[in-house]
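The values are calculated or read from the model by the stated rules, or taken from the named source; none is laboratory data. All figures in this text were calculated on a predicted structure; none of them were measured in a lab. Counting neighbours? That spans all protein chains shown, and the Cβs are built from the backbone with ideal geometry, glycine included. These area figures cover heavy atoms from the full protein model, side chains too; ligands, DNA and RNA do not enter into them. Shrake-Rupley method; radii C 1.70, N 1.55, O 1.52, S 1.80 Å.
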Amino acid sequence: MDEKGFAYTMDAVLALIPIIIVLFGISNFSASPELPLGIHSSHKAHDTMDLMVNYCDGNDQSVLERVSTILTQGNHSQTSIDSAGEIASNFLDKNMAGSEYLLIEEKQLGGKKLAGKMELKNTDNIATASRNCGNYTFRIYVR
């Protein structure tokens, strides 16, 4: 092979490299934005519940421990449910500004709403997380 043929061949091969890179980049591009949104909501739900379990605001009890203590001491009365819901609402409103959420207790109160205003009729893009605290199972729904 003479030098001119080799130079033209090398030039053609080097010109294909950027084209191949662009094609691989386009083929890996996700056109569906729902997956990252779902992952983000799922992380947000789990992170929020972890924060409620671990965050202590000037006392020795976490948010969920305070809520379950109030429910236990009040024998699940409507007053204790309202008081526990107020504590949870204050915390969640501060930490989840701009997000829809619903916090319920499943085990002792049978799915009674404690905090939030989200309706569960349309369950598209809703993430959930649950934690146990004492004899209670709390579940949060986040959109």
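Taking only protein heavy atoms and a 1.4 Å probe, the accessible area of segment 37-142 is 44% carbon and sulfur.
Accessible area ranking (1.4 Å probe, heavy atoms, ligands and nucleic acids excluded), largest first, for I17, I26, I81: I26, I17, I81.
Label separation (K117 vs A97): 1.6 nm, computed from points 7 Å beyond Cα along the C-beta direction. Heavy atoms of the protein chains alone define the surface here; on that basis the chain has 66 Å² accessible area per residue at 1.4 Å probe size. Kirkwood radius and radius of gyration were both taken over the C-alpha atoms of segment 37-142, and their ratio Rg/Rh is 0.95. Spin-label model, A15 to L51: label points 7 Å out along the Cα-to-beta-carbon direction sit 5.5 nm apart.
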